[in-house]
Amino acid sequence: MEHSQLMEGRVRFDRRDFCKAVGVTTAVGVVGGSVLAHADLTKEQRDRMTADEIIQQMKAGNERFRSGKTQHRDLMSEAKATAKGQYPAAIVFGCVDSRASAELIFDFGIGDIFSGRVAGNVADEDTLGSMEFACKVAGSKVVLVMGHTGCGAIKGAIDGVQLGNLTALLAKIRPAVEATHYTGERSAKNYEFVDAVARKNVSLTVANIREKSPVLRDLESSGSIKIAGSMYNLETGTVDFLA
């Protein structure tokens, strides 16, 4: 958490406009026939976006990811451009699963989003504090909880696995297991049930964020941010935004 994140951002005059169409399409430049993406998002550009527009950009990025048409990125240039400041549009809170990287799934670059990850995407006090920093201090406008199919943490919670500190973490997922209405085999071997629990767990985490964080709840009530849930399908690459 750099001090510069807490200060007003400087305008970098060499940046390309990040916003097109609805005001948020990723800026690109054509170099030698290839498309070069610029993730160096300015404070002014981020602040002009609405939460709904940011979510639309997430959906568009996921479509690029699924179609194999992700933008070419000069990551070292992005790293240098954002070294002295960052203005992420959203914080994505997902699972630690190695197959569920938000930056890749949404085709985002360095500096575009905050990314928080805990096995089973269950939010504790530290996670909520991180979200509050992202939105209240740094200016992000979307909190997106992202579960995924075939989640090992969900399976562990269903089976009642006990292992060191993991025991307490999985206990936080148990309410989702118990709250999932499902007709059929309620076991970790039944992937349909596992995914149903994962979806319920996302919904409960979203509710928990609103309940346990007055800061985020007030920001959402005022229309400054949007808190949403989603599920990522490991096989298809699709992110399904929950109602």
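What to note about this one:
- Residue within segment 190-200 that is within 16 Å of the chain's Cα centre (by Cα) and either basic (Lys, Arg) or closer than 18 Å to Lys59 by Cα (or both) present: yes
- Any hit, segment 150-159, residues being open to solvent by less than 50 Å² (accessible area, probe 1.4 Å), under 21 Å from the mean Cα position of the chain (by Cα) and basic (Lys, Arg): no
- Just one of (1) out of contact with any helix residue (DSSP H, G or I) (no Cβ under 6 Å at 6 or more places or on another chain); (2) in contact (Cβ under 8 Å) with a residue 24 or more places away in the chain fails for Gly116. It is (1).
- Residue check, Lys172 surrounded by 18 or more Cβ atoms within 10 Å (Cβ to Cβ) and touching a His at 6+ places or on another chain (Cβ under 9 Å): no
- Filter result for Ser115 (touching a strand residue (DSSP E or B) at 6+ places or on another chain (Cβ under 9 Å), outside any loop (DSSP other than H, G, I, E, B), modelled with pLDDT under 95 and surrounded by fewer than 23 Cβ atoms within 10 Å (Cβ to Cβ)): no
- Consider segment 61-82 and keep the residues that are assigned to a helix (DSSP H, G or I) and touching a residue at least 40 places away in the same chain (Cβ under 8 Å). The one that is surrounded by the fewest Cβ atoms within 10 Å (Cβ to Cβ) is Arg64.
- The single condition among (1) open to solvent by less than 30 Å² (accessible area, probe 1.4 Å); (2) in contact (Cβ under 8 Å) with a residue 60 or more places away in the chain that Asp52 does not satisfy is (1).
- Matching entry among Ala100, Ala123, Ala89 (being under 23 Å from Met49 (Cβ atoms) and either free of Cβ contacts under 8 Å to residues at least 12 places away in the same chain or among the aliphatic types (A, V, I, L, M) (or both)): Ala89
- All conditions but one from (1) within 11 Å of the chain's Cα centre (by Cα); (2) more than 24 Å from Ser203 (Cβ to Cβ); (3) among the small types (Gly, Ala, Ser) apply to Gly109; the one that does not is (1).
- Residue list for segment 171-199, filter: out of contact with any Gly (no Cβ under 7 Å at 6 or more places or on another chain), within 21 Å of Met131 (Cα to Cα) and in a helix (DSSP H, G or I): none
- Residue list for segment 124-140, filter: part of a helix (DSSP H, G or I) and open to solvent by 30 Å² or more (accessible area, probe 1.4 Å): Glu125, Asp126, Gly129, Ser130, Glu132, Lys136, Val137
- Filter result (free of Cβ contacts under 8 Å to residues at least 24 places away in the same chain and assigned to a strand (DSSP E or B)) within segment 224-243: Asp240
- Test: Gln5 is closer than 27 Å to Ser224 by Cα, modelled with pLDDT under 50 and assigned to a helix (DSSP H, G or I): yes
Per-residue answers, yes or no, for (1) open to solvent by less than 50 Å² (accessible area, probe 1.4 Å); (2) polar (S, T, N, Q); (3) more than 16 Å from Asn208 (Cα to Cα); (4) touching a helix residue (DSSP H, G or I) at 6+ places or on another chain (Cβ under 7 Å):
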{"residue": "Ser101", "(1), (2), (3), (4)": "yes, yes, yes, no"}
{"residue": "Met146", "(1), (2), (3), (4)": "yes, no, no, yes"}
{"residue": "Val177", "(1), (2), (3), (4)": "yes, no, no, yes"}
{"residue": "Thr183", "(1), (2), (3), (4)": "no, yes, yes, no"}
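- Counted residues, segment 208-221 - those being open to solvent by 50 Å² or more (accessible area, probe 1.4 Å) and either among the basic types (Lys, Arg) or under 16 Å from the mean Cα position of the chain (by Cα) (or both): 3
The values are calculated or read from the model by the stated rules, or taken from the named source; none is laboratory data. Since this is a predicted model, take the numbers as computed values, not measurements. Every residue, glycine among them, receives a Cβ derived from its backbone with ideal geometry; neighbour counts consider all protein chains shown. Quick note on the areas: whole protein, heavy atoms, side chains included, nothing else; ligands and nucleic acids left out. Shrake-Rupley method; radii C 1.70, N 1.55, O 1.52, S 1.80 Å.
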